[in-house]
Amino acid sequence: MMIFHKKNTKKRAFTLIEMLIVIVIIGILAAALIPRLASARGRANDVARKADLQQTAAALVAYQIDHGKFPVTGWPLSGINNELIAAGMSSIPTDPNTSRSFVGMTNTSIGGWQFGYTPVYKWGIQGNGFVLMAGTETEWWSNRVVTNNIDSSTTYESIVPCATFTYAQSNTNNSGACTYVKGTDVLRYIYVY
């Protein structure tokens, strides 16, 4: 004679407490991850800015070799489009973040999609060097906090890169120890030649 045992057919489901714990854990992970993703975009933009300025610097040196001088005008990089194209660039680079603008060059605001350019004094000769500038989004890619305006009267030797950054109530560059007010858009990447 066979005896059949009835199987327990009740399925186990998640309880409300278990579901709430999972939701809280997901929320904590999302809160920790979202700011990191936002700063990753800023770092990627800064890497692109640096590469664009280095490419532009190479074109400016090529222009100087061909013409015996650097372009004398500029400020927004778009002011020397023809010179850069003559030096072999196929297009003029633009800032990856088109909504940002910055000051720090020739008392003017550089538009959100542009970089800055100005010739400078180098070895006592006007226009013998140049500065390219971009606003940066992270300290990691910045090498200067601009506290004064760089223009064609600036000397190459007076441009001191920042070695350290700290938050403070004012923007200063004291022999490479720099302070800045976070959120005021004062970080810059400067290419000096």
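Bear in mind these aren't lab numbers, they're just calculated from the coordinates by the rules spelled out. The structure presented is a predicted model; accordingly, all values stated were derived computationally and were not measured. Methodologically, a virtual Cβ is constructed for each residue, glycine included, from the backbone with ideal geometry; neighbour enumeration extends over all protein chains shown.
Within the listed set ASP151, ASP66, ASP95, the Gaussian network model of the chain (springs between alpha-carbon atoms below 10 Å) gives the highest mean-square fluctuation for ASP66.
Just to be sure I understand: with springs between alpha-carbon atoms less than 10 Å apart, which residue in PRO119, PRO76, PRO35 has the highest mean-square fluctuation in the Gaussian network model of the chain? In the Gaussian network model the winner is PRO35. Note on the stretch 50-193: dipole from Cβ charges, positive end direction compared against THR73, GLY176, GLY116; the farthest Cα belongs to GLY176. Just checking my list [x] 29, 19, 12; [y] 26, 19, 13; [z] 55, 21, 12 against semi-axes √(5λ) of the Cα gyration tensor in Å computed from this structure; which label fits? Calculated semi-axes √(5λ) of the Cα gyration tensor in Å: the matching label is [z]. Relative to the longest principal axis of the Cα atoms of the chain, the long axis of helix 16-67 lies at roughly 20 degrees. Taking the inverse of the mean reciprocal distance over all distinct Cα pairs, the Kirkwood hydrodynamic radius of the stretch 40-103 comes to 12.7 Å. Taking amide H atoms as placed 1.01 Å from N in the peptide plane, the amide H of THR118 lies under 5 Å from those of TRP75, VAL131, each 5 or more residues away in sequence or on another chain. Based on C-alpha pairs under 8 angstrom that are at least 6 apart in sequence, the chain has a relative contact order of 17 percent. For the stretch 128-145, putting each phi into the Karplus relation 6.51 cos²θ - 1.76 cosθ + 1.60 with θ = phi - 60° gives couplings of 7, x, 8, 10, 10, 9, 9, x, 10, 9, 9, 5, 4, 9, 8, 10, 6, 9 Hz, in residue order, rounded to whole numbers and with x for Gly and Pro. Close amide H partners of ASN143, meaning residues 5 or more places away or on another chain with modelled amide H under 5 Å apart, are ARG188, TYR189, ILE190. With a simple spin-label model that places each label point 7 Å from the Cα along the Cα-to-Cβ direction, the separation between ILE125 and LEU33 comes to 5.6 nm.
Scanning residues 5 or more positions from PHE102 or on other chains, those with amide H under 5 Å from its amide H are ILE110, with H placed 1.01 Å from N in the peptide plane.
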